[in-house]
Amino acid sequence: MTWKRLCDLTTLRRKGVIRVDTDDGEYLVALIGERVYVADAWCTHQKSDLSLGITEGTRIKCPLHQAVFELTDGSVVEGPSGEPPDSIRPLRTYRAKTEGDDVYADL
Ligand code: FES
């Protein structure tokens, strides 16, 4: 378990959803309500950038073929282009926390 600082909360409040590139990988960071969610940045279908997708509650829709992932656990709600959810792998998610203006994930 390694908590790593990903971004500041002020930026996240302004943008809602961002992609953070680190030495360890690329992560989707979303602020929904007052809660931060962190997941791998790339769609498990064809590696589209999920930070460019649309959030619907705690779900995010891929901008390329509209697969829908649940950010609370990474599960697939809808597969790409109307395919069943089990047609693609779930999204990897990470625990997140804030301390002051800093956003951390357990990577
Ligand atoms: S790349 Fe995301 S649904 Fe195809």
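Derivation of every value follows stated rules applied to the coordinates shown; laboratory data play no part. Computed from a predicted structure; not experimentally measured. Counting neighbours? That spans all protein chains shown, and the Cβs are built from the backbone with ideal geometry, glycine included.
Which residue out of 5, 13 is part of a strand (DSSP E or B) and exposed (fewer than 13 other Cβ atoms within 10 Å of the Cβ)? Residue meeting the stated conditions: 5.
Take residue 7 and decide whether it is within 15 Å of the ligand (Cβ to nearest atom) and either under 22 Å from residue 107 (Cα atoms) or in contact with a Gly (Cβ under 6 Å, 6 or more places away or on another chain) (or both). Give the steps one after another, and end with the answer.
Working: within 15 Å of the ligand (Cβ to nearest atom): no; either under 22 Å from residue 107 (Cα atoms) or in contact with a Gly (Cβ under 6 Å, 6 or more places away or on another chain) (or both): yes.
It is false that residue 7 is within 15 Å of the ligand (Cβ to nearest atom) and either under 22 Å from residue 107 (Cα atoms) or in contact with a Gly (Cβ under 6 Å, 6 or more places away or on another chain) (or both).
Of the residues making up the stretch 50-65, those that are assigned to a loop (DSSP other than H, G, I, E, B) and within 10 Å of the ligand (Cβ to nearest atom) number 5.
For the stretch 93-105, indicate whether the set of residues that are in contact with a Pro (Cβ under 9 Å, 6 or more places away or on another chain) and either surrounded by fewer than 17 Cβ atoms within 10 Å (Cβ to Cβ) or of a type in the set (Lys, Arg) (or both) is non-empty.
First, the residues of the stretch 93-105 that are in contact with a Pro (Cβ under 9 Å, 6 or more places away or on another chain): none.
The answer is no; no qualifying residue exists.
The condition (being within 16 Å of the ligand (Cβ to nearest atom) and either more than 13 Å from the chain's Cα centre (by Cα) or surrounded by 15 or more Cβ atoms within 10 Å (Cβ to Cβ) (or both)) is satisfied by just one residue among 20, 68: 68. Among the candidates 78, 56, 70, 34, the residue that is free of Cβ contacts under 8 Å to residues at least 12 places away in the same chain and among the acidic types (Asp, Glu) is uniquely 34.
Considering only the stretch 28-36, I want to know if a residue exists there that is away from the ligand (no atom under 14 Å from the Cβ), under 21 Å from residue 104 (Cα atoms) and over 13 Å from the mean Cα position of the chain (by Cα). Reasoning before the result, please.
The initial filter retains those residues of the stretch 28-36 that are away from the ligand (no atom under 14 Å from the Cβ), namely 29-36.
Imposing the further condition that a residue be under 21 Å from residue 104 (Cα atoms) reduces the set to 29-36.
Narrowing the set further to residues that are over 13 Å from the mean Cα position of the chain (by Cα) leaves 33-34.
Yes, some residue in the stretch 28-36 is away from the ligand (no atom under 14 Å from the Cβ), under 21 Å from residue 104 (Cα atoms) and over 13 Å from the mean Cα position of the chain (by Cα).
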